[in-house]
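The values are calculated or read from the model by the stated rules, or taken from the named source; none is laboratory data. Predicted model only: the values in this text are computed from it and were never measured. Note that each Cβ is placed from the backbone with ideal geometry, even for glycine, and that neighbours are counted across all protein chains shown.
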Amino acid sequence: MIRCFFKNSNKLEVITDLNAFESNEDKINKVVWLDMLHPSIEEIHFVESTFGIDFPTKQESEEIETSSRYWEEDKKIEINSYFLISTDEGAHNETVSFILQGSLLISIRYKELRAFEEFSKRFFYAPREFKNGYYIFSQLLDIRIDADADIIEKLSKDITKLRKHVFTDYTNDDEEMLEKISSLEDLNMNIRENLTDKQRILTSFLKSTKYDDASLRSDIVIMLKDIKSLIDYTEFNFERLDYLQNIFVGVLNIEQNKVIKIFTIMNVIFLPPTLIASIYGMNFKIFPELEWSYGYAFSLTLMVLSAITPLAIFRKKGWI
């Protein structure tokens, strides 16, 4: 699917039928944003021939080298940026490609992204605020950075909630608790990777000579400051998660020590009666208490006293 946003006087119009561009140079020159979602081979070839742009392949756009994330040529800028996607199975970073040529922005993506829909609404509401593709690209990243900040805020609340749960209500399965901590660490790692990628891109974009707009450069500087503060917060979350994991392991060791302590006390309590029963259970002909009428009652009483005495000593010392 392709959406072509172009300005007609002071109004913003959208074309989804590419046939409308055939033999119509006026509309082609007025396009400011070309948003491509799951583009077909025919659509890619049509845009390449119509606008004179070579598209990167999906494999090229997902490369992690810095030169592959931001590439500037004489007539255009190619940018590959991460956008975080959260699903029921977890979160992952999806690569979105941007091409800036003249005043035109072309975006190529293979997933539905909320940032693009939110910006489309803003674009329709105030088309004059976005003069060209550079403003559109900057605003898309700004929306994504705000969304990342919201995710980090929610992540921090989840970490705090999980920490309180470990201390106040330790009833969860050990594997389940470790899985929760691990999922939070994965999410924080993806956010960190996402923000670092945007920081590198915007730093390079700020140095570009393709545009000369003080207002746009000022916005980019502000976004870089926001990203730096968010990266610092992800570092703090890593420390909190590491601390939480250490706390959980400590609580787990305490619970295991309690179980071992109970077994140890039970062994100490039942060891003396077992010794007495073993002694009087030996098969010897000469036994002093063998013919004694109170021998059975004496042995039972001795076993009970030998069990109660250690229990009383432990309770007095506060061990149980």
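Picking from residues in region 205-220 that are in a helix (DSSP H, G or I) and in contact with a helix residue (DSSP H, G or I) (Cβ under 7 Å, 6 or more places away or on another chain), the one that is surrounded by the most Cβ atoms within 10 Å (Cβ to Cβ) is PHE205.
Residues that are modelled with pLDDT under 80, surrounded by fewer than 20 Cβ atoms within 10 Å (Cβ to Cβ) and in the same structural domain as ASP213 (by TED's automatic domain parsing): does region 111-127 have at least one? Within region 111-127, one or more residues are modelled with pLDDT under 80, surrounded by fewer than 20 Cβ atoms within 10 Å (Cβ to Cβ) and in the same structural domain as ASP213 (by TED's automatic domain parsing). Out of the residues in region 255-274 that are free of Cβ contacts under 8 Å to residues at least 24 places away in the same chain and hydrophobic (A, V, I, L, M, F, W, C), which is nearest to LEU311 (Cα to Cα)? That would be MET266. In region 292-320, the residues that are among the small types (Gly, Ala, Ser) form Cβ pairs under 6 Å with partners that are assigned to a loop (DSSP other than H, G, I, E, B), at six or more places apart or across chains, as follows: GLY295/GLU289.
From the list PHE236, PHE248, the one residue that fits, being more than 30 Å from TYR135 (Cα to Cα), at pLDDT 80 or above, assigned by TED's automatic domain parsing to the domain that holds GLY133 and surrounded by 12 or more Cβ atoms within 10 Å (Cβ to Cβ), is PHE236. Here ILE286 fulfils each of the conditions (1) exposed (fewer than 12 other Cβ atoms within 10 Å of the Cβ); (2) in a helix (DSSP H, G or I) apart from (2). Of the residues making up region 75-108, those that are assigned to a loop (DSSP other than H, G, I, E, B) and more than 18 Å from ASN132 (Cβ to Cβ) are ASP88, GLU89.
For ILE191, the requirement of being touching a residue at least 12 places away in the same chain (Cβ under 8 Å), assigned to a helix (DSSP H, G or I), surrounded by 20 or more Cβ atoms within 10 Å (Cβ to Cβ) and of a type in the set (Val, Ile, Thr) is met.
Is at least one residue of region 215-227 assigned by TED's automatic domain parsing to the domain that holds ILE145, of a type in the set (Gly, Ala, Ser), under 25 Å from the mean Cα position of the chain (by Cα) and under 30 Å from THR196 (Cβ atoms)? Checked against the condition, which is being assigned by TED's automatic domain parsing to the domain that holds ILE145, of a type in the set (Gly, Ala, Ser), under 25 Å from the mean Cα position of the chain (by Cα) and under 30 Å from THR196 (Cβ atoms), region 215-227 yields no hits at all.
The set of residues in region 82-110 that are within 21 Å of the chain's Cα centre (by Cα) and without any contact (Cβ under 8 Å) to a residue 60 or more places away in the chain comprises ILE85, THR87, ASP88, GLU89, GLU94, THR95, VAL96. Within region 148-165, being surrounded by fewer than 18 Cβ atoms within 10 Å (Cβ to Cβ) and either of a type in the set (Asp, Glu) or closer than 18 Å to ILE79 by Cβ (or both) holds for ASP150, GLU153, ASP158.
Only a single item in (1) loosely packed, with under 14 Cβ neighbours inside 10 Å; (2) among the acidic types (Asp, Glu); (3) under 24 Å from ALA147 (Cβ atoms) is not met by GLU255, and it is number (3).
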